[in-house]
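The structure appears right after this line, and notes come after that.
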Amino acid sequence: MPTVSIGRDRLFEALGKTYTQEEFEELCFSFGIELDDVTTEKAIMRKEKHLDEESDGDEEVIYKIEVPANRYDLLCLEGIAQALRIFNGQQEIPTYKLANISTKSMLKMHVKAETSSIRPYVVCAILRGVTFDTASYNSFIDLQDKLHQNICRRRTLVAIGTHDLDTLHGPFTYEALLPSSINFVPLKQEKNFRADELMEFYKSDLKLKKFLHIIENSPVFPVLYDSTRTVLSLPPIINGAHSAIKLETKNVFIECTATDLTKAKIVLNTMVTMFSEYCERKFEIEPVEVIYSDGKSYIYPDLSVYNMEVSLSYITGAIGVPLKADEVTGLLNRMQLRAEKSLTDDNDSKITVSVPPTRSDVLHPCDVMEDVAIAYGFNNVKDIAIAKGYNISKGRAVSLKPLRLEEFSHIIRLEMAMCGFTEVLSFILCSLNDNFAMLNREDDKSTAVIIENPRSSENEAARTSLMPGILKTIGQNKAHPKPIKIFEVGDIVLLDDTKDVGATNRRHLAALYCGATAGYEIIHGLVVRIMQVIGLVPPDDNTTYYLKPSEEPEFLLGTQASIIYKGKQIGTSGIVHPEVLNKFDIPDPCSYFELDIGCFL
């Protein structure tokens with residue numbers, strides 16, 4: 001999850017209260033964020049440079065706060081401080097509004113048709129009468145970087161440009177031109193560059209070279225101009241030096257070019273709502289009209305509030321606590337969601353929730369329920385449920401049930417442990433070599449999910465079997481006294497065209513016996529025992545499950561079997577092939593079985 005670094009003293013000043021570290025950790029936990037680390041700016045620099053110098057006593061303390069990945073409003077001090085003030089009842093929920101100006105008076109952004117081939121969307125807004133100090137200016141720049149790394153997906157989906165409006169002349173145009181025809185002085189440079197020259201120039205820049213691939217192979221580059229043909233930016237690479245914002249900037253023009261319009265709107269809303277508190281007219285944003293080549297026009301930012309109706313019974317049933325409507329609305333208000341209660345025809349209370357432009361993470365009633373649970377306190381759910389006798393079973397609210405698959409997996413784990421086997425856990429990602437060649441298998445290109453741009457060769461694919469992880473475990477512990485009896489209950493991943501994500505998870509059980517002899521009779525007996533626990537006994541007519549000879553390459557021929565259930569193969573068992581054992585550096589014979597336990601539910 002994203003981590004935001006904030007000066008402790010400035011944060012406490014914004015909160016209007018000083019906390020001890022323990023008190024602030026408790027506040028963060030109550031709100032659903034976490035104080036991840038306490039350090040200093042100089043300590044961070046020393047760590048980056050691998051220095052062992054002692055710290056000075058007067059260094060500014062930095063709090064590193066971990067926030068949820070979908071809470072873009074918490075990626076800066078302004079957002080965190082405001083959210084915590086509202087949570088503590090120190091501030092009302094702000095109302096964001098557009099400046100009351102006519103469409104005729106609005107600044108215009110004209111979008112040329114050629115942009116549709118590279119970055120087809122642009123959204124804009126203006127912050128008027130901004131007063132920055134050094135800290136708020138740095139926070140403004142840092143929020144852009146955080147958004148670029150997060151929702152913008154390293155500028156591939158959205159790129160943010162911020163400009164000193166007083167240096168520009170509207171209306172603006174968003175175009176796509178040949179790289180050789182774009183000339184301007186980029187940010188932090190003094191020389192004029194052509195766009196194609198910039199691509200070469202920035203290949204040696206540690207920060208910007210990561211973004212060049214987004215447009216460098218395109219025949220046209222996106223570019224924004226003002227009415228005097230001054231370049232605002234070459235998205236998603238660099239802004240122009242002419243309109244660079246400074247500490248003294250009073251009017252900020254924000255433009256976001258994008259391939260994803262929805263995310264562009266979220267990014268723009270986050271930028272303007274977080275920093276409109278520094279405007280002369282607090283929480284007021286000046287809109288910009290964006291006009292496309294087909295004549296359609298749109299006014300941004302879209303600060304509209306949308307309403308969602310959520311049943312009170314759904315909220316209380318999901319959390320497991322009998323809350324009243326007034327309590328729920330009060331808790332939601334603490335989480336920046338205005339809420340009111342209403343009654344339906346069947347006398348079931350409804351909660352009408354107004355979702356502000358800062359809370360793009362609220363998409364479904366379950367998001368509302370989650371905010372109620374956070375504000376109420378997860379630690380309070382169990383105790384209150386027990387104290388009030390609210391549908392509890394074994395000291396737990398009735399709604400707080402594990403999934404059937406998890407309950408079943410737990411039963412299987414207990415049974416395996418009682419059979420004398422030790423549980424191991426291995427990584428779900430593995431190398432293609434481990435997944436196929438090491439097991440004498442061939443990659444048929446139709447089963448394994450391949451990871452794009454893996455960080456290492458050990459993370460090339462999602463495993464299609466638990467076998468590589470278990471054999472690696474034995475290979476790393478071959479000096480352990482024999483016999484070694486281990487098992488794993490975990491997910492494998494298979495390609496599946498019927499799923500919207502193109503893949504599916506399957507819960508498997510695998511066990512391995514390693515000793516002086518192969519011990520296949522032990523593994524076979526374990527299969528029989530697990531089937532008995534599930535309630536299956538091999539009948540004479542083979543109507544439930546049975547074993548039949550198989551020819552899997554990872555096992556010795558003639559000492560292996562497929563496990564068939566309702567006419568489908570759900571597992572295999574056998575003596576592991578010596579070639580496979582050698583590849584994993586295992587000197588002793590092993591027997592193994594693997595079973596798809598999800599098919600029994």
For segment 1-34 the number of residues that are under 21 Å from residue 68 (Cβ atoms), of a type in the set (Val, Ile, Thr) and open to solvent by 30 Å² or more (accessible area, probe 1.4 Å) is 1
Expected single match for under 24 Å from residue 484 (Cβ atoms), outside any strand (DSSP E or B) and under 42 Å from the mean Cα position of the chain (by Cα) among 563, 530 is 530
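To keep it simple, each residue is scored yes or no on (1) in contact with a strand residue (DSSP E or B) (Cβ under 6 Å, 6 or more places away or on another chain); (2) within 20 Å of residue 269 (Cα to Cα); (3) modelled with pLDDT under 95.
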site	(1), (2), (3)
105	no, no, yes
108	yes, yes, no
111	yes, no, no
117	no, no, yes
123	yes, yes, no
127	yes, yes, no
134	no, no, yes
149	no, yes, yes
153	no, yes, yes
List the residue pairs whose Cβ atoms are under 7 Å apart, where the first residue sits in segment 94-110 and is over 24 Å from residue 228 (Cβ atoms), the second is assigned to a strand (DSSP E or B), and the two are 6 or more positions apart or on different chains. 96/285; 97/284; 98/285; 98/287; 99/284; 99/285; 99/286; 99/287
Of a type outside the set (S, T, N, Q) and free of Cβ contacts under 8 Å to residues at least 24 places away in the same chain: which single residue out of 452, 415, 423 fits that description? 452
Candidate set from segment 154-173 (those that are assigned to a strand (DSSP E or B) and open to solvent by less than 20 Å² (accessible area, probe 1.4 Å)); member that is farthest from residue 231 (Cα to Cα): 158
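Of the residues 282, 265, 250, only one is under 24 Å from the mean Cα position of the chain (by Cα) and either modelled with pLDDT under 95 or under 22 Å from residue 77 (Cα atoms) (or both); which?
Values: 282 fails: under 24 Å from the mean Cα position of the chain (by Cα); 250 fails: under 24 Å from the mean Cα position of the chain (by Cα).
Sole residue among the options that is under 24 Å from the mean Cα position of the chain (by Cα) and either modelled with pLDDT under 95 or under 22 Å from residue 77 (Cα atoms) (or both): 265.
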Single unsatisfied condition, residue 560 versus (1) open to solvent by less than 10 Å² (accessible area, probe 1.4 Å); (2) under 22 Å from residue 517 (Cβ atoms): (1)
Neighbours by Cβ (under 6 Å, 6+ apart or cross-chain): first from segment 546-558, more than 17 Å from residue 570 (Cβ to Cβ) and assigned to a strand (DSSP E or B); second open to solvent by less than 60 Å² (accessible area, probe 1.4 Å) and at pLDDT 90 or above: 556/575; 556/577
Among (1) within 17 Å of residue 148 (Cβ to Cβ); (2) surrounded by 17 or more Cβ atoms within 10 Å (Cβ to Cβ); (3) of a type outside the set (Val, Ile, Thr) - the single one residue 209 does not satisfy: (2)
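Report yes if residue 204 is more than 34 Å from the chain's Cα centre (by Cα), farther than 27 Å from residue 137 by Cβ and open to solvent by 40 Å² or more (accessible area, probe 1.4 Å), otherwise no.
It is false that residue 204 is more than 34 Å from the chain's Cα centre (by Cα), farther than 27 Å from residue 137 by Cβ and open to solvent by 40 Å² or more (accessible area, probe 1.4 Å).
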Across segment 225-236, which residue is farthest from residue 178 (Cα to Cα) among those that are touching a Gly at 6+ places or on another chain (Cβ under 7 Å) and in a strand (DSSP E or B)? 232
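Can you tell me which residue in segment 566-580 is nearest to residue 441 (Cα to Cα), limited to those that are outside any strand (DSSP E or B) and in contact (Cβ under 8 Å) with a residue 12 or more places away in the chain? It would help to see each step written out before you state the result.
First pass over segment 566-580, keeping only residues outside any strand (DSSP E or B): 566-567, 577-580.
When the remaining residues are screened for being in contact (Cβ under 8 Å) with a residue 12 or more places away in the chain, the result is 566, 577-580.
Details: 566: 26, 577: 12, 578: 14, 579: 12, 580: 10 Å.
So, considering only residues that are outside any strand (DSSP E or B) and in contact (Cβ under 8 Å) with a residue 12 or more places away in the chain, the one nearest to residue 441 (Cα to Cα) is 580.
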Condition check: open to solvent by 80 Å² or more (accessible area, probe 1.4 Å) and assigned to a helix (DSSP H, G or I). Does residue 455 satisfy that? no
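The values are calculated or read from the model by the stated rules, or taken from the named source; none is laboratory data. Being a predicted model, the structure only gives us computed values, none of them experimental. Neighbour counts run over all protein chains shown; Cβ positions are idealised from the backbone, glycine included. Please note that ligands, DNA and RNA were not included when accessible areas were found on the heavy atoms of the full protein model with its side chains. Shrake-Rupley method; radii C 1.70, N 1.55, O 1.52, S 1.80 Å.
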